[in-house]
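> Can you keep this structure in mind? I'll have questions shortly.
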Amino acid sequence: MFATPAGMAIEIRGLNKTFSHKPAISRLNLEIGAGEMVALIGASGSGKSTLLRHIAGLSCCDKTQGGQVHVLGQTVQSNGFLSRDARRLRARVGYIFQQFNLVDRLSVLENTLLGFLGQIPHWRGCMRLFSAEQKELAMEALARVGLAEIARQRASTLSGGQQQRVAIARALTQKAEIILADEPIASLDPESARKVMEILESINARDGKTIVVTLHQVDYALRYCRRAVALKNGQIVFDGDTENLNGAFLDSLYSVTGSVPELRASGKWRMPPGSAGIAANEIAREIPHQNLLLAAGYQ
Ligand SMILES: Nc1ncnc2c1ncn2[C@@H]1O[C@H](COP(=O)(O)OP(=O)(O)O)[C@@H](O)[C@H]1O
Ligand SMILES: [Mg+2]
C-alpha cells in the first residue's frame with residue numbers, strides 16, 4: 001500500500017514517457033483529490049491521452065526514471081513496471097473514449113452489462129451469465145443517463161450522443177470510482193456534447209466520483225470543471241481554477257510556437273481572472289483503437 005495523502009484519488013510523481021527518443025510526458029507531477037472533476041486541456045499531441053493511459057495502467061512509463069503512478073492509494077506502475085495491483089485497480093477506473101467503444105450488434109442493455117465484466121473472475125462471454133440483480137443495476141444506470149426506454153435497442157441504431165451515454169452507463173455499472181474520459185465529446189454535436197458533460201457533472205456532484213476529462217473544446221472545460229490542468233509538450237503549464245484561464249494564455253497554449261520555459265517566462269503561467277474561453281479549433285487526433293474489454297475494466 002502506497003502512503004497517499006488522505007482523500008487522494010490520483011497521485012503522479014516524476015512521470016516520464018518517451019516514444020522513439022521523443023518525450024511525450026516529461027517529469028510530470030500531479031495530484032487529484034477524490035471527488036474532483038478536472039479538465040485536462042492542451043493542443044493535439046500535448047500528451048493528454050498518454051497521461052490518461054498511464055493513470056489507467058494501459059501504458060507503461062519509461063524504465064529509467066519513469067516515475068510512479070498511484071491510484072486510490074495503490075501503485076499502478078513504477079519505473080516501467082506495472083504493479084501486481086494494476087489489473088485490480090483498472091476495474092475501479094472507468095475509461096470513456098471518443099469513439100464510444102460499444103459492441104454494435106449488442107443491445108444498449110447488453111453493452112451496459114459489460115461493465116460487470118471486471119467483477120466476473122472468469123468471463124465466459126455469455127450474456128446469460130448476468131443475474132437479474134445485475135440487469136436491474138444496469139437498467140438503473142441507463143435511467144441515470146436517460147436511456148432506459150431504449151434498453152433493448154441495438155447499439156448500432158443510436159446517435160453518437162446516445163452511444164456515449166451508454167458508455168457512461170457502462171462505467172456506472174462497473175462501479176468505477178474514477179472516470180477517465182478521453183475526448184468524450186469531440187465527435188458530438190453541441191447539444192449532445194452538453195448532455196454528456198451534464199451527465200458527467202452530475203456523476204461527479206451527486207455520486208462524488210473523481211472525473212478527469214480531456215477536452216479539446218476549452219469552453220466546455222470552463223463551463224463544467226472547476227479545475228483545469230493544461231499540458232504542453234508533455235509538461236503541465238497550468239494547474240488551477242478554470243476561472244484563472246484567460247484568452248491570452250489559451251492562445252499561447254494552443255499555438256504551435258512557444259516552449260514551456262517561454263510560457264513560464266511570459267508570466268502567463270497563472271493568469272488573473274479574465275475573459276473566458278476560446279474554443280480550440282483543432283480537430284482531435286484519432287486516439288488509437290482501444291480494446292473493449294479494457295474499456296470495461298476487464299484486462
Ligand atoms: N503509441 C505511440 N507511439 C508513438 N508515439 C506516440 C504514441 N502515442 C502517442 N505518441 C506521441 O506522444 C505525443 C503525445 O500524444 P497524445 O498523448 O496522443 O497527445 P494528445 O492526446 O494530447 O493529443 C505525441 O507526440 C504523439 O505523437
Ligand atoms: Mg488524445
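Where a number appears in this text, it was derived from the coordinates with a stated rule and is not lab data. For clarity, every value in this text was computed on a predicted model and none was experimentally measured. For neighbour counting, all protein chains shown are included, and Cβ atoms are generated from backbone atoms with ideal geometry for every residue, glycine included.
> So if R0 is 45 Å, what FRET efficiency would Arg27 and Arg154 give, r being the distance between their Cβ atoms, rounded to the nearest 0.05?
With a Förster radius of 45 Å, E is 0.45.
> If amide H atoms are built 1.01 Å from N in the plane of the peptide, which residues on other chains or at least 5 residues away come under 5 Å of the amide H of Ile96?
For Ile96, the qualifying residues are Leu180, Ala181, Asp182.
> If you don't mind, another one. Taking R0 as 35 Å, what's the FRET efficiency between Arg226 and Ala143 from their Cβ-Cβ distance, rounded to 0.05? Can you show the working numbers first?
Values: r = 27 Å, r/R0 = 0.77.
Once rounded, the FRET efficiency stands at 0.80.
> Still on this structure: Could you work out how far apart the two model spin labels at Ala34 and Asp239 are, taking each label as a point 7 Å from the Cα in the direction of the beta carbon, and quote it in nm?
Result for the modelled spin labels: 2.0 nm.
> At what distance in nm do the modelled label points of Asp62 and Phe81 sit from each other, each positioned 7 Å from its Cα along Cα→Cβ?
Roughly 1.9 nm, to one decimal.
> For the pair Arg88/Asp219, report the inter-label distance in nm, with labels modelled 7 Å from Cα in the Cβ direction.
4.6 nm
> Just to check I understand the Karplus step: with θ = phi - 60° and J = 6.51 cos²θ - 1.76 cosθ + 1.60, what whole-Hz values come out for the range 67-78, glycine and proline as x?
Once rounded to whole Hz, the list reads x, 9, 10, 10, 10, 6, x, 10, 7, 8, 7, 8.
> Ordered by residue, what ³J(HN,Hα) values in Hz, to whole numbers, does the range 174-189 give under the Karplus form 6.51 cos²θ - 1.76 cosθ + 1.60, where θ = phi - 60° and Gly and Pro are x?
5, 6, 5, 8, 10, 10, 9, 10, 9, 6, x, 10, 4, 10, 10, 6
> If you don't mind, there's one more thing I want to ask. Enumerate the calculated ³J(HN,Hα) couplings along the range 51-66 in order (Karplus 6.51 cos²θ - 1.76 cosθ + 1.60, θ = phi - 60°), each rounded to whole Hz, writing x wherever the residue is Gly or Pro.
5, 4, 5, 5, 5, 7, x, 8, 10, 10, 6, 4, 6, 9, 6, x
> Which of the residue pairs Lys175/Lys209; Lys48/Lys175; Lys63/Lys175; Lys17/Lys175; Lys22/Lys232; Lys175/Lys232 have a Cα-Cα distance greater than 21 Å in the structure shown?
Pairs exceeding the cut-off: Lys48/Lys175; Lys63/Lys175; Lys17/Lys175; Lys175/Lys232.
> Please list, ordered by chain and number, the residues whose modelled amide H lies under 5 Å from the amide H of Thr210; skip anything fewer than 5 residues away on the same chain.
Sorted by chain and number, the residues that satisfy this are Gly35, Ile179.
> Using DSSP to call loops (not H, G, I, E or B), can you name the GluC sites (Glu not before Pro) in the range 136-180 whose Cβ has at most 11 other Cβ atoms within 10 angstrom?
Working: sites: Glu136, Glu140, Glu149, Glu177; in loops: Glu177.
Counting only loop positions with at most 11 other Cβ atoms within 10 Å, none of the GluC sites (Glu not before Pro) in the range 136-180 qualifies.
> If you filter the range 144-227 for trypsin sites (Lys or Arg not before Pro), then keep DSSP loop positions with at most 11 other Cβ within 10 Å, what is left?
On the way: sites: Arg144, Arg152, Arg154, Arg165, Arg170, Lys175, Arg194, Lys195, Arg206, Lys209, Arg223, Arg226, Arg227; in loops: Arg152, Lys175, Lys209, Arg226.
When the trypsin sites (Lys or Arg not before Pro) of the range 144-227 are filtered for loop state and at most 11 Cβ neighbours within 10 Å, Arg152 remain.
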